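Undergrad: Sending over a structure as structure tokens; questions will come in a sec.
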Amino acid sequence: MNYLALIPSRIDSLADSGIFYAFEELSLSGIIICVSLFVLSCFSWAVMITKFRMIVKARRQTEQFTEAFRDCRNPLNLYQEGTHLTGTPLYNIYMTGAAELSYQTTGSVEADETFHARLTSAPKITSSQMDSVGNTMDRTIGESVLQLESKMTILATAVSGAPFLGLLGTVWGVMDTFTSVASAVGATSLKTLAPGVSSALLTTVTGLVVAIPAMFGYNYLVNNIKSMIATMENFANEVRGEFERHFLDHGVSREAIVGATPSAKVAEHPARTADVLSHAPQSPQTRRVSAGELVATAAAPSHHVVRRATKQSRSGNGEFAFDEPDRDGLES
């Protein structure tokens, strides 16, 4: 059977269908609405295709970049090597965090030949400096989210607005049809109403044709963008954990404060020292001193050592109670 011979007849039957008849009978208001829906459809399809290609590329490069980062022993190796995977937002998060960490440790963001030597000889950073690195990565996440969600309002407008715009054309066309029928002279029939009603219903069909693909595309893109945002947040936490493990100074330990006798340790960490001393047993003879007096006492020269100190159980002002030294023993 020759199916090619049936093509002309099929085309003729399609030309005689109601859609082409409705197009031929469109009024001026129907033409304006159909053109508006066609323009909206072009914009929505452009957004869907662009976002779909961007997400596919981001997924592929996200897997590559995550694997490359986890294979590195030093979290700044990729920054030093100058790896480029700009298709994934994880790359921007890592590069901005690594650049801020490089600035906090070495005072420069240049990853040249001397970067490894400068990084090795640089001291570890404090918690406040590490917070600055984390804030930089969080800001980059926000910028990446805005970029992923850009132009999504066009799809949302197509999903929610296209059916209503088509319905407006239908109501308008039906109103014009009945107005022409009312002003006609003589009897009217369905054959008289058919052209106006069919052209009016065409705008609703056009609105649904625009909205249905936009709805599926919008739902698909929103779910993928949410997944990408979760991936970015998890990766930022992972990067920060590696940065803290390699470059964060975790401070003086409790044992070091208890065992340290020089007054410089007490003056450098007064609050930490007071917290350690607050767990010592209480003495009957005590005297309240503040944290400031603790620093002044530690800095002043003295030939006796405060042996025991406790925090008063009813003191709410952050003061501490120290044993009063034996004045007779000091005078002797």
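Undergrad: Which one of these does TYR220 not meet: (1) hydroxyl-bearing (Ser, Thr, Tyr); (2) within 25 Å of the chain's Cα centre (by Cα); (3) buried (at least 17 other Cβ atoms within 10 Å of the Cβ)?
TA: It fails just one condition, (3).
Undergrad: Since THR86 meets every condition but one in (1) surrounded by 13 or more Cβ atoms within 10 Å (Cβ to Cβ); (2) more than 19 Å from ARG240 (Cα to Cα), which condition does it not meet?
TA: Failed condition: (1).
Undergrad: Scanning segment 109-129 for residues that are in contact with a helix residue (DSSP H, G or I) (Cβ under 7 Å, 6 or more places away or on another chain) and assigned to a loop (DSSP other than H, G, I, E, B), which turns out surrounded by the most Cβ atoms within 10 Å (Cβ to Cβ)?
TA: Among those residues, the one meeting the criterion is ALA111.
Undergrad: Another question, if that's okay. Report every pair of residues separated by at least 6 positions or lying on different chains whose Cβ atoms are under 7 Å apart, first residue within segment 218-233 and assigned by TED's automatic domain parsing to the domain that holds SER44, second polar (S, T, N, Q).
TA: From segment 218-233, the pairs are THR231/THR62; MET232/SER144.
Undergrad: Quick test of your reading of the structure: TYR79 fulfils all but one of (1) assigned to a loop (DSSP other than H, G, I, E, B); (2) closer than 22 Å to GLY241 by Cα. Name the failing condition by number.
TA: The failed condition is (1).
Undergrad: Kindly evaluate GLY134 against the criterion of being modelled with pLDDT under 95, surrounded by 16 or more Cβ atoms within 10 Å (Cβ to Cβ) and within 26 Å of HIS250 (Cβ to Cβ).
TA: For GLY134, the condition - modelled with pLDDT under 95, surrounded by 16 or more Cβ atoms within 10 Å (Cβ to Cβ) and within 26 Å of HIS250 (Cβ to Cβ) - is met.
Undergrad: Checking the conditions here, which among THR66, THR50, THR86 is closer than 30 Å to ASN237 by Cβ and modelled with pLDDT under 90?
TA: THR86
Undergrad: Based on what the data block shows, is ARG245 crowded, with 16+ Cβ neighbours inside 10 Å, within 27 Å of the chain's Cα centre (by Cα) and farther than 27 Å from ARG53 by Cβ?
TA: Criteria not met by ARG245.
Undergrad: Another question about this same structure. Looking at segment 141-170, which of its residues are out of contact with any Lys or Arg (no Cβ under 9 Å at 6 or more places or on another chain), aliphatic (A, V, I, L, M) and surrounded by 14 or more Cβ atoms within 10 Å (Cβ to Cβ)?
TA: Residues satisfying the conditions are ILE141, VAL145, ILE154, ALA156, ALA158, VAL159, ALA162, LEU165, LEU167, LEU168.
Undergrad: If you scan segment 57-76, which residues turn out to be among the hydrophobic types (A, V, I, L, M, F, W, C), surrounded by fewer than 17 Cβ atoms within 10 Å (Cβ to Cβ) and assigned to a helix (DSSP H, G or I)?
TA: Of everything in segment 57-76, just one residue is among the hydrophobic types (A, V, I, L, M, F, W, C), surrounded by fewer than 17 Cβ atoms within 10 Å (Cβ to Cβ) and assigned to a helix (DSSP H, G or I), namely ALA68.
The values are calculated or read from the model by the stated rules, or taken from the named source; none is laboratory data. Bear in mind that the values here come from a model prediction, so they are computed numbers and not experimental data. When we count neighbours, we look across all protein chains shown, and the Cβ atoms used for this are built from the backbone with ideal geometry, even at glycine.
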